[in-house]
Amino acid sequence: MIRTDDMGTEQVLEAAKEYAVEHGIDDVVVASTTGETGAMAADVFDAADRNLAVVGHSTGYREPNEQELHDEHVEAIESAGGEIFVGPMVFSNVGAAVAKRDGHAVQSVIANVLRLFGQGSKVAVECVLMACDAGLVNVDRPVLSIAGTGSGADTIFLIRSANSRDFYDLRVLEVVAKPADRENLPFY
């Protein structure tokens, strides 16, 4: 496993590309809020050789009627042959509304357990489910999922894909790269 604590997004994307080439992975899913990381991935990965799906936040995620993807990044992703999905997040939206009113929702518990491995770990799993639900990635395939904590990319998982309704069929096959997150651990 590669530790990404001292790596920038571009280095993480290059490591992901190297892994995809080495292991013959055709499907790549990238989480991207503004589209910047997605545009960088479109530049690093040859979308003609790979199925590149970029997953962003749903419209209204931060502010009503606001879409966080920037037009110039959308254009760069699409002109490189990548596809974009924005829509409800599997571990958020309705679950967050239920949790706000009634205290807990199953999706929140799953999301928080995945966050034990890091925020990027939760996002890497969630984006593959979303890409499958959108029809951008076929189910039951090895997918390289690239996600991050805050902005940029710091996590790479190899995941056997599934639709969200078949969540338990998804498998994290390999943790290719993630930050150690030492600053949040009391024993370091």
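Of I110, I156, all but one fail to be touching a Lys or Arg at 6+ places or on another chain (Cβ under 9 Å) and buried (at least 23 other Cβ atoms within 10 Å of the Cβ); the exception is I156. The set of residues in segment 127-166 being in a helix (DSSP H, G or I) and in contact (Cβ under 8 Å) with a residue 60 or more places away in the chain consists of C127, V128, M130, A131, S164. With respect to the conditions (1) farther than 24 Å from R50 by Cα; (2) open to solvent by less than 20 Å² (accessible area, probe 1.4 Å); (3) under 15 Å from the mean Cα position of the chain (by Cα), A105 falls short on a single one, namely (3). Scanning segment 141-153 for residues that are over 17 Å from R115 (Cβ atoms), open to solvent by less than 10 Å² (accessible area, probe 1.4 Å) and of a type outside the set (V, I, T) returns a single hit, L144. Could we say that G118 is closer than 23 Å to V21 by Cβ and either open to solvent by 60 Å² or more (accessible area, probe 1.4 Å) or modelled with pLDDT under 95 (or both) here? Here the answer is no, as G118 does not meet what is asked.
Say whether the condition of being modelled with pLDDT of 85 or more and either closer than 20 Å to L144 by Cβ or of a type in the set (A, V, I, L, M, F, W, C) (or both) is met by at least one residue in segment 93-106. Give the steps one after another, and end with the answer.
The initial filter retains those residues of segment 93-106 that are modelled with pLDDT of 85 or more, namely none.
No, the conditions are met nowhere in segment 93-106.
The values are calculated or read from the model by the stated rules, or taken from the named source; none is laboratory data. All values derive from a computational prediction rather than experimental measurement. FYI the Cβ positions are ideal-geometry reconstructions off the backbone, even for glycines, and counts take in every protein chain you see. What goes into the accessible areas is simple: the full protein's heavy atoms, side chains included, and nothing from ligands, DNA or RNA. Shrake-Rupley method; radii C 1.70, N 1.55, O 1.52, S 1.80 Å.
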